[in-house]
Every structure is written in structure tokens, then in C-alpha cells.
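The values are calculated or read from the model by the stated rules, or taken from the named source; none is laboratory data. What you are looking at is a predicted structure, and each value in this text was computed from that prediction instead of being measured. We place every Cβ from the backbone using ideal geometry, glycine too, and count neighbours over all the protein chains shown. For the accessible areas, the whole protein counts, side chains as well, though only heavy atoms, and no ligand, DNA or RNA atoms are used. Shrake-Rupley method; radii C 1.70, N 1.55, O 1.52, S 1.80 Å.
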Amino acid sequence: EDQVTQSPEALRLQEGESSSLNCSYTVSGLRGLFWYRQDPGKGPEFLFTLYSAGEEKEKERLKATLTKKESFLHITAPKPEDSATYLCAVRKENTGNQFYFGTGTSLTVIP
Amino acid sequence: DAGVTQSPTHLIKTRGQHVTLRCSPISGHKSVSWYQQVLGQGPQFIFQYYEKEERGRGNFPDRFSARQFPNYSSELNVNALLLGDSALYLCASSISDRRDTQYFGPGTRLTVL
């Protein structure tokens, strides 16, 4: 069965304390893995798209990596404004542009 | 450039009523998808439309329907509302129906009493 699992469910970090969020997937025919950031009550904000194992993308304090079974979102020296829920989504072959989301990791960065 | 817009922002309905949610995609985007997000969960796919045709449907009952207009805007309709339909309804637009990043709107918060 196709699954997208994110861990941990919640993460509390001190400002400046680097860490990683995990997104593991078991889908047949991956055609893209996407990371989004979502603030409470708002729509998801696009961060990264990864298509193939070994690919990496960076933006400010965030870096996303992809293997054949999982993706990591590394957060370096986080700031309180990085507090949000981070969502991972995958697109499978033969499903058009339908995204399958994990349940997210809620990140809190304490000053 | 304006992003994806949705209306209304919030909506309160009672059980059995119907509701219409609206979405305008980013200029130049021809595909619109609808997602339902229950509190504490990730978004769940409902529909995708491209060039006014339905290109995908998630595991939702027939009470849910949608359409896309010639200007690529879209409506999501839900009939016979249930308490369990209370959620954040998200619209996402992409350039086409394949291999494109989806950009989300702010959502419509629907509360069913």
C-alpha cells in the first residue's frame, strides 16, 4: 500500500539548534517529492521539489535531500520564524498531478 | 503577481445545507486541484481539473462535485453537508496537469454545525 510517513510528529528546538525532519515513502513510481511549509490556518507554501535520488535543494536555512526511500529536510541554525508545520507530498506515476501528503511535522523554535 | 485566491475565507453552515467554494488560479495556470484538510492531518486530494475537464478524483462521496470555467477559475460544491465535512478546503493551481509544482491558496475554513 502506498504510504507517506513523516517523523517526528512534533519537534521543539532551541534557536540555533540544527535538526532534520524525515519523510519516508512507499509508493510505486515516484514522479516528484515536494516540501511545503504551513502556518496555522493558512495554505501550504511551496519550498522544494525533488525528482531523483541524490538530488539536493537549498533555500536559506533549509536543505532538502532525497533517497530512494526517504527525504530529509535539514534546518540549520533555526530561528523562531521557522516555526510552522512542514508537509511532505509525493506524486506517483499515472496519477496526473495528484499529490499524496503526509501528516506533517510541527516545528517550534524557542528563542 | 497575484497568487491563488479563494473565497470565502470562512463559512458556517448547518447539516444538510450545500456550499459553493470558489478559486482563482495564478495567471497562466490552467490546472486547478482541490484538497480537504482536517485539523491535524495533511491535505487530502478531492479533484483535479485541467482545461475544464476532470483529470482526477479522490476517494470522496458523490456529494462533492466541481467544475472549471473557461477563465480557469473553479468551484467546489458540497451537498447535504455533514459534521465531518468541517475542514480547511484548499485550492492549488499548476501550469498544466503533469509534473508541475502546485501552488496553494489560503483556503476556505468550513464549519458545519
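Observations on the structure shown:
- Placing a label point 7 Å from the Cα of B:Gln17 along the Cα-to-Cβ direction, the residues of the range B:63-88 whose backbone N falls under 11 Å of that point are B:81.
- Interface burial for B against A (accessible surface, 1.4 Å probe, total of both chains, Å², rounded to 100): 1600
- Chain B: relative contact order as a whole-number percent, Cα under 8 Å and 6+ apart: 37
- Residues of the range A:77-95 with an amide N closer than 14 Å to a point placed 7 Å from the Cα of A:Ile110 along the Cα-to-Cβ direction: A:80.
- Fully extending the segment from A:Gln3 to A:Glu81 would add 25.1 nm, taking 0.36 nm per residue of separation and subtracting the current Cα-Cα distance.
- Calculated FRET efficiency, A:Arg12 to B:Ala80, Cβ-Cβ distance, R0 = 30 Å: about 0.10 to the nearest 0.05.
- The residues packed around B:Leu81, meaning those with a beta-carbon under 13 Å from its beta-carbon, carry a net charge of +2 if Lys and Arg are +1 and Asp and Glu are -1.
- Which of A:His74, B:His10, B:His29 is most accessible, then next, and so on - probe 1.4 Å: B:His10, A:His74, B:His29
- Legend: Rg and Dmax of chain B, from Cα coordinates, 13.1, 39 Å.
- Lysines with Cα under 24 Å of A:Lys59, excluding same-chain neighbours fewer than 8 positions away: A:Lys42, A:Lys68, A:Lys69, A:Lys79
- Nearest-0.05 FRET efficiency for A:Lys63 and B:Thr9, computed from C-beta distance (R0 30 Å): 0.35
- Charge tally around B:Val112: other residues with Cβ under 10 Å, Lys/Arg +1 each, Asp/Glu -1 each, net +1.
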